1. Only one of (1) touching a Ser or Thr at 6+ places or on another chain (Cβ under 9 Å); (2) free of Cβ contacts under 8 Å to residues at least 60 places away in the same chain fails for G59. Which number is that?
2. Among all residue pairs at least 6 apart or on different chains, which show Cβ distances below 7 Å where the first residue, located in segment 5-17, is at negative phi and among the aromatic types (F, W, Y) and the second is in a loop (DSSP other than H, G, I, E, B) and open to solvent by less than 40 Å² (accessible area, probe 1.4 Å)?
3. Assuming R75 fulfils every condition listed in (1) open to solvent by 60 Å² or more (accessible area, probe 1.4 Å); (2) modelled with pLDDT under 90; (3) of a type in the set (D, E, K, R) apart from one, which condition is it?
4. In segment 1-38, what residues are part of a strand (DSSP E or B) and open to solvent by 60 Å² or more (accessible area, probe 1.4 Å)?
5. Being in contact (Cβ under 8 Å) with a residue 24 or more places away in the chain, surrounded by 10 or more Cβ atoms within 10 Å (Cβ to Cβ) and assigned to a helix (DSSP H, G or I): is that true of A64 here?
Amino acid sequence: MRDEDAWFAPKRFGLGFRPVRWPGWLLTIGYAATVIGLTHAPIRPDWLRLVLIAILSAGFLIVAIRTSRGGLGWRWNGIGR
């Protein structure tokens, strides 16, 4: 993905991403709101709630990796990956 089209940029230190464009922010806020909603939803059995959050998290991570600058990797002050 071209740098100017990327939704996420790698963190400067450590492992992870940060949103840099509005679609990335929208996806991040939507993900956080959905996870918070699932934690308070009356879902039984409890393991089902964990499975739903795991599937949602995997999907979020896949989209973040595909729409980021440079992919996922450990960085220290911009060095790495």
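1. (1)
2. Matching pairs, first to second residue: W7/T67; F8/T67.
3. For R75, the exception is condition (1).
4. We begin by selecting, within segment 1-38, every residue part of a strand (DSSP E or B); these are 8-10, 13-14, 17-19.
Result: F13, R18.
5. Values: in contact (Cβ under 8 Å) with a residue 24 or more places away in the chain: yes; surrounded by 10 or more Cβ atoms within 10 Å (Cβ to Cβ): yes; assigned to a helix (DSSP H, G or I): yes.
Yes; evaluated as a whole, the condition is true for this residue.
The values are calculated or read from the model by the stated rules, or taken from the named source; none is laboratory data. Note that the structure is predicted; figures quoted are calculated from it, not measured. Neighbour counts are summed over all protein chains in view; Cβ atoms, including those assigned to glycine, are modelled from backbone coordinates with ideal geometry. Accessible surface is based on the protein model in full, side chains and every heavy atom, while ligands, DNA and RNA are left aside. Shrake-Rupley method; radii C 1.70, N 1.55, O 1.52, S 1.80 Å.
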